[in-house]
Amino acid sequence: MTKILIIGAGPAGTAAALKAADAGWETTLIEKDKLGGTCLQRGCIPTKALLEEAHTLRNARAKFGEISVDEASLFERKDKLVGELTASLAQQIQAKKITVFIGEATFTDDHTVEVNDQSITADTILIATGSQNRVFDFPGNAKLWTSDEALCTPLRGSKRILLIGGGVIGIELAAYYHDIGHNVTIFEKESRILPNVPKDLVQSLSMDYKKDGIRIVTSVTITSIVHDEHYTVVQNGQSEDFDVVVLCAGRIPSTSSLNLDQAGIVHEKGLILVDADYRTNIPHIYAVGDASCRIQLAHVASRQAILVMDHLIKGSACQPFLIPSAIYTPIQAAWLGKSEDELKLQGIAYHAYRQPLGALAKSKIKGDGRRYISVNLDDQDRLLGASLYLSDASEFLPFFTFLMEHGIPFTQASDIVYPHPTLSEAIGELAASIRLKKHTSL
Ligand SMILES: Cc1cc2nc3c(=O)[nH]c(=O)nc-3n(C[C@H](O)[C@H](O)[C@H](O)COP(=O)(O)OP(=O)(O)OC[C@H]3O[C@@H](n4cnc5c(N)ncnc54)[C@H](O)[C@@H]3O)c2cc1C
């Protein structure tokens, strides 16, 4: 029986382990913390559970006036939900007879890993150890929170919150804190927030944050943070006090505990280097997810794991795949493929179309305001990219991904019937209007 050893039980490690066990492989999974990894324990799921509650509160306030909330109860629900999902994952793993070790894995050679003073060998090893918060100190004495502390510490009363870093994590935490009733500021050192997000979405999101009273300050250089009664932060010569400061300065690969050099695995500052089949320089060692990929998303990690297992079991080459992305703000920003900026930069011809949702019945029912779907199409109407700014935009992405993956002209989206009233009707309206424009311009 083929033996595989998987290190790390996040979305990548668990997806790989379940697939290996289904193939009848003798599967061992090592996890130093809890099953589910960053995604389930301190990432996607806790943030989205809290955001869901915060958005409900926001909508209720907008319709029915001020409502007070005990933040601790929101955290209790979040913890319960995480506990249930962890237990259900553990059950699946147990049912597939996967051997699990709870402890930190360290390579002793390229076929052997040590965990809890025990040596384990395997024919094939998959590294899926994920990532951790990038932490550093500013001049001063302050010890700052990261998203890990923010996601397990409910606050009492309205606080002045500073988020350092305007990436996706900082932006989502800002939405949570604001909707729960705190006063929120974001300091970003670059000239814009969300550097890898299409510009139209960033503009819409920034405008809505401004309207809400979330302060976004860009091109910030922080020179000191002193913590006594408050956090006193000095940036660009100005001093300001905050009650809580969360450092959201990106994430680094979590590989330092592995002793990669002992196995001769090549890495760049901890990021494991892999080929198109996710194989490291050591032929029987593979690496997937945040440990080896700069795009840090749970669905990317698990897809890579599934591709690697197919490669190992069936010998198939790992194919590149489209990556849908979303920010889970009250009005979600979601995107796929190439933005207009990228298309221009790469000299790719495209046609851009936008469908505002203002006149749509469901949008009015939801009280959504200025929302839209925009698409970039090639000459045959095939999708090159899409941006969506509307409630639950992330739920619509698979439709666009399907069309794009299969090269189906976007205009064919007007051939189907959309349930009424739904936001999805905007997709059909956009497709129909493009068809009409093209037809009348012939
Ligand atoms: C606040 C936050 C919100 C996020 N929201 C989203 C979102 O909405 N959608 C999305 O797609 N992504 C989101 N992400 C990113 C997502 O969580 C990661 O991309 C994903 O978890 C990566 O999966 P992974 O399996 O590669 O690693 P991880 O999930 O990080 O799992 C790796 C596991 O390996 C373990 N490990 C590390 N070293 C060792 C060792 N030496 N021995 C044994 N075990 C070890 C760790 O304890 C961990 O459990 C979010 C991240 C954060 C921090």
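The values are calculated or read from the model by the stated rules, or taken from the named source; none is laboratory data. No experiment lies behind these values; they were computed from the predicted model shown. Neighbour counts run over all protein chains shown; Cβ positions are idealised from the backbone, glycine included.
Suppose the filter is surrounded by fewer than 17 Cβ atoms within 10 Å (Cβ to Cβ) and either touching a residue at least 40 places away in the same chain (Cβ under 8 Å) or within 11 Å of the ligand (Cβ to nearest atom) (or both); does Ala326 pass it? Give the derivation first.
Details: surrounded by fewer than 17 Cβ atoms within 10 Å (Cβ to Cβ): no; either touching a residue at least 40 places away in the same chain (Cβ under 8 Å) or within 11 Å of the ligand (Cβ to nearest atom) (or both): yes.
It is false that Ala326 is surrounded by fewer than 17 Cβ atoms within 10 Å (Cβ to Cβ) and either touching a residue at least 40 places away in the same chain (Cβ under 8 Å) or within 11 Å of the ligand (Cβ to nearest atom) (or both).
Can you say whether Glu240 is outside any loop (DSSP other than H, G, I, E, B) and acidic (Asp, Glu), as far as the supplied structure shows?
Working: outside any loop (DSSP other than H, G, I, E, B): yes; acidic (Asp, Glu): yes.
Yes, satisfied.
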Under 7 Å between Cβ atoms, which residue pairs at least 6 apart in sequence (or on different chains) link something in the stretch 55-73 that is closer than 22 Å to Gly367 by Cα with a partner that is in a helix (DSSP H, G or I)? His55/Asp179; Leu57/Asp179; Leu57/Ile180; Arg58/Asp179; Ile67/Leu57; Ile67/Ala60; Ile67/Arg61
Which of (1) at pLDDT 95 or above; (2) surrounded by fewer than 22 Cβ atoms within 10 Å (Cβ to Cβ); (3) part of a loop (DSSP other than H, G, I, E, B); (4) not basic (Lys, Arg) does Phe75 not meet, given it meets every other one? (3)
Cross-chain or 6+ apart pairs with Cβ under 6 Å, the stretch 135-156 first and under 21 Å from Pro253 (Cβ atoms), then basic (Lys, Arg): Asp148/Arg42; Leu151/Arg42
Can you report the number of residues in the stretch 21-37 which are within 15 Å of the ligand (Cβ to nearest atom) and in a helix (DSSP H, G or I)? 1
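Grab the strands (runs of 3 or more DSSP E) fully contained in the stretch 117-180, keeping just those with 1 or more residues being over 22 Å from the mean Cα position of the chain (by Cα) and away from the ligand (no atom under 14 Å from the Cβ). Lay out the reasoning, then the answer.
Details: elements: 118-121, 124-127, 131-133, 160-164.
Those strands (runs of 3 or more DSSP E) span 118-121, 124-127, 160-164.
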Can you run down the residue pairs with Cβ atoms below 9 Å, 6 or more apart or on separate chains, where the first is in the stretch 351-373 and farther than 14 Å from Leu388 by Cβ and the partner is part of a strand (DSSP E or B) and among the charged types (D, E, K, R)? none
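Residue by residue through the stretch 360-381, note down the ones that are surrounded by fewer than 18 Cβ atoms within 10 Å (Cβ to Cβ) and under 18 Å from Phe410 (Cβ atoms).
Just the residues of the stretch 360-381 that are surrounded by fewer than 18 Cβ atoms within 10 Å (Cβ to Cβ), to begin with: 361, 364-365, 367, 369-370, 378-380.
Hits for the stretch 360-381 are Asp378, Asp379, Gln380.
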Need the failing condition index for Tyr177 against (1) within 24 Å of Pro324 (Cβ to Cβ); (2) buried (at least 16 other Cβ atoms within 10 Å of the Cβ), just the number. (1)
Please find, among Leu423, Leu430, the residue that is touching a Lys or Arg at 6+ places or on another chain (Cβ under 7 Å), touching a residue at least 60 places away in the same chain (Cβ under 8 Å) and surrounded by 15 or more Cβ atoms within 10 Å (Cβ to Cβ). Leu423
Having 3 or more residues that are closer than 30 Å to Arg435 by Cα and touching a Gly at 6+ places or on another chain (Cβ under 9 Å) is the bar; report the strands (runs of 3 or more DSSP E) wholly within the stretch 259-364 that clear it. 332-337
Restricting attention to the stretch 329-350, does a residue exist that is small (Gly, Ala, Ser), over 20 Å from Gly385 (Cα atoms) and at pLDDT 95 or above? no
